[in-house]
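Peer 1: This is the structure I have questions about; it appears just below.
All of the numbers you see were taken from the coordinates with simple rules; none came from a lab. Worth saying up front: this structure is predicted, and the values here are computed from it rather than measured. Positions of Cβ are backbone-derived with ideal geometry, glycine not excepted, and every protein chain shown enters the neighbour counts.
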């Protein structure tokens, strides 16, 4: 089904694969009549062409990228604009789109959503941006319909910023990287490796884009095959896929932990741009006659079967047939995997009780968002469910078209009526089901979703309160097939259906009449509208000469997601209040974290105020005494902060709050074996936190103090590692790695955060 090449490959004329071994050069010369180096052939990829054209550094290895367009949604844009304003923002230098798709329902407990929306509209007017009102479109569908262009690059503050199927290289990053672009700065990365995804063959009837995507994720996530690399989709199988299908695969590449994606474009993509009234934005893209890739994922589409990603990760994949044939064995295996991520002293977790009369019963189905809410997915679901009904038991089905233009066309062609007649409900464009703010399952509920993620804690579960639910990812086709069987898990291959394949007609009047477009029309005199829940960032101090860190959380899970670092869902109502949001940091993973971090922060506040540090935190008396046995210590130049240790933190969302909340609570570092994604590490750096790597045995425990001597000097002098000491373990010495840092990144850490860096 899927083959991973162990070495790099040459691709000739987009079709012929030559694996890079001792015979490769001879084979290349025989076929092309020339010798070519790997380095030269790397320039033959589409990814290289696009990155090279957007690089401003003049160095093909150390890139400084400027993007064509930017986009954010209403969980992130308030913090981004506030950061940019504090750093000297005058106007948006490139088109910047503010969408309102994550908090479109009424808020309770924090910021009122409409306050944030009015803040966004006033900022679009003042700085010259685009404002998409609530319920009009999810962020990525609007970008596909209105922003993507062949050969362009888009940076978004949502991790699923992926428009490669349309010929646009798009990257999802934390908010501070958007801020840099707004201030005419650059996105600085090493030239990434590029991995080819060679698609061949034709999909089976009943197999959809989520099935293909889950199969790929299952093959590459755990081994890190594409981590921080670009996935470049090539091969003869692409021509057999509709553009909607390609988009559905492409958006899920985020779950592989790749940096970005790009696809070959063709007449079908040209038709997409024609339909959306932007024919000039089409560009034919394909690799050059000789292109070298650092790896290849070979996918035979004809062998992909309907898939299911069981809790609690998109890589935990099985075929639906395999699951149905081995129900108890697989459910037992999933339960055992779940124990790694769940605190089983507080929740009772079981899946085997979902088996009824030998079949797996699910309580909920959802087709939604940037992955599932496309026109083709919903039209096919309507075909499968035509004339059927979902029953009156626990099972429910909700469908969220990804934009109002899609919704309107489904109404016009009758698909919406077909779905409603089954008992399914149709909702407006909203990302809530994907992050725990909509269709939250009941306790012990099992939900199947054509959305992007199924992490623990993400879909509304409150483990610390004893509530747990399960989400499995599936394609809309098999969700509809399951709905047709009233909640009993069913592969779409087992449904007899004729697909009507209705043509899509895009009506731009909805956007023409509702979306505010102020690009190039900044109005400096406009006052920004602030609701009372919108709060400025607190002041942050520069890095001191030496550093005392208290370890306030230790997480041994193989991977820690950003949703575990700062939960989504109900916490998002505090998204515009840094202090309020910080109260939820690690709340579902380590509820005692906030209290521990605040205790450390109180000592640092006392130090900065010239007050009695020991009175603020009596633990530090012994810490100072122990350090002074080995080093002279000056409390005025020794910062006191907290740190967490996690094996591999940062998988998942691009939300900067995963880092900024720690910083607001006095966090000065993370310590990890590795970071799951570039975007999380970048978020740490941009908030002035040290992204330490620990390659040695773990010598400290939760509650231990660590002393880092001459940390400011080490950062300034571009050292890659520094000695540290576990204070309360007889100053046990160990080594922390800083990893590669650009000059700007070092300066940001020295200044204390990105805001301070731009203030000078």
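Peer 1: Does anyone have the angle between helix 209-220 and the longest principal axis of the chain? Alpha-carbon axes, 0 to 90°, nearest 10?
Peer 2: The angle comes out near 40 degrees.
Peer 1: Taking R0 as 25 Å, what FRET efficiency do you get between residue 602 and residue 734 from their Cβ-Cβ distance, rounded to the nearest 0.05? Walk me through the numbers on the way to the answer.
Peer 2: Numbers: r = 27 Å, r/R0 = 1.09.
Efficiency at R0 = 25 Å is approximately 0.35.
Peer 1: Tell me the label-point distance for the pair residue 503, residue 632, using the 7 Å Cα-to-Cβ offset, in nm and rounded to one decimal.
Peer 2: Each label point is offset 7 Å from its Cα along the Cβ direction, giving 8.4 nm.
Peer 1: Continuing with the same structure: Pull out a ≥ b ≥ c, the square roots of the eigenvalues of the alpha-carbon gyration tensor of segment 380-456, then state rounded if a/c is under 1.5, prolate if not and a/b is larger than b/c, and oblate in the remaining case. Before the final figure, lay out the partial values.
Peer 2: On the way: a/c = 2.43, a/b = 1.31, b/c = 1.85.
Oblate shape, in that a/c is at least 1.5 and b/c is the bigger or equal ratio.
Peer 1: Still on this structure: Fully extended, how many nm does the chain gain between residue 494 and residue 609 (0.36 nm per residue separation, minus their Cα-Cα distance)? Before the final figure, lay out the partial values.
Peer 2: Working: separation 115, 0.36 × 115 = 41.40 nm, distance 6.97 nm.
Computed gain between residue 494 and residue 609 is 34.4 nm.
Peer 1: Same structure, new question: Is segment 546-759 best put as rounded, prolate or oblate by its Cα gyration tensor, with a ≥ b ≥ c the root eigenvalues, rounded for a/c under 1.5, and otherwise prolate when a/b is larger than b/c, oblate when not?
Peer 2: On the way: a/c = 1.40, a/b = 1.26, b/c = 1.11.
Rounded, because the longest to shortest axis ratio a/c is under 1.5.
Peer 1: In Å³ and rounded to a whole number, note down the convex hull volume per residue for the Cα atoms of segment 310-495. Can you show the working numbers first?
Peer 2: Details: hull volume 18.6 nm³, N = 186.
Here the figure is 100 Å³ per residue.
Peer 1: Between [x] 174; [y] 207; [z] 159, which matches volume of the Cα convex hull per residue in Å³ calculated for the structure shown?
Peer 2: Of the listed options [x] 174; [y] 207; [z] 159, [z] comes from this structure.
Peer 1: Output the relative contact order of the chain, whole-number percent, from Cα pairs under 8 angstrom with separation of 6+ residues.
Peer 2: Numbers: 1845 pairs, mean separation 111.5, N = 760.
That works out to 15 percent.
Peer 1: Right, here's the next one. If you restrict to DSSP beta bridges whose two residues both lie in segment 67-188, what percentage is antiparallel, to the nearest 5?
Peer 2: Details: 1 of 14 bridges.
That works out to approximately 5 percent antiparallel.
Peer 1: Can you bin segment 490-647 into rounded, prolate or oblate? Criterion: square roots of the alpha carbon gyration tensor eigenvalues sorted a ≥ b ≥ c, rounded for a/c under 1.5, prolate for a/b above b/c, oblate for the rest. Each step should come with its number before you reach the end.
Peer 2: On the way: a/c = 3.55, a/b = 1.78, b/c = 2.00.
In terms of gyration-tensor shape, oblate.
Peer 1: Which residues does a label at residue 7 reach in segment 207-230, if reach means a backbone N under 11 Å from a point 7 Å past the Cα toward the Cβ?
Peer 2: none
Peer 1: Sorting check: for 7-20, 619-632, which peptide has the highest mean count of neighbouring beta carbons within 10 Å, and how do the rest follow?
Peer 2: Working: 7-20: 17.3, 619-632: 14.9.
Order by mean packing, descending: 7-20, 619-632.
Peer 1: Here's another thing I want to ask about it. How large is the convex hull of the C-alpha atoms of segment 427-487 per residue, in Å³? Don't skip to the answer; put the middle values down first.
Peer 2: Working: hull volume 5.1 nm³, N = 61.
In segment 427-487, the Cα convex hull volume per residue is 83 Å³.
Peer 1: Roughly what % of DSSP beta bridges within the chain run antiparallel, to the nearest 5?
Peer 2: Working: 41 of 103 bridges.
Of all bridge pairs located within the chain, approximately 40 percent are antiparallel.
Peer 1: Assuming 0.36 nm per residue, please report the length gained on full extension of the stretch residue 321 to residue 412 beyond their Cα-Cα distance. Walk me through the numbers before you get to the answer.
Peer 2: Details: separation 91, 0.36 × 91 = 32.76 nm, distance 3.56 nm.
That works out to 29.2 nm of additional length.
Peer 1: What distance in nm separates the two pseudo spin-label positions at residue 288 and residue 698, each 7 Å out from Cα along the beta-carbon direction?
Peer 2: Inter-label distance under the simple model: 4.7 nm.
Peer 1: What is the antiparallel percent of DSSP beta bridges lying wholly in segment 546-759, to the nearest 5? Numbers along the way, then the final one.
Peer 2: On the way: 14 of 34 bridges.
That works out to approximately 40 percent antiparallel.
Peer 1: When the expected Rg is taken as 2.2 N^0.38 Å, what fraction or multiple of it is the alpha-carbon Rg of segment 67-188? Write out the running numbers ahead of the final one.
Peer 2: Working: Rg = 13.5 Å, N = 122, 2.2 N^0.38 = 13.7 Å.
With N residues counted in segment 67-188, Rg over 2.2 N^0.38 Å equals 0.99.
Peer 1: Let me ask you something else. Please report the relative contact order for segment 310-495, taking Cα pairs under 8 Å with a sequence separation of at least 6, and give it as a percent rounded to a whole number.
Peer 2: Numbers: 386 pairs, mean separation 55.0, N = 186.
The normalised contact order for segment 310-495 reaches 30 percent.
Peer 1: Let me ask something else. Mind giving me the nanometre distance, one decimal, between the label points for residue 267 and residue 750, set 7 Å out from Cα along Cα→Cβ?
Peer 2: 5.9 nm
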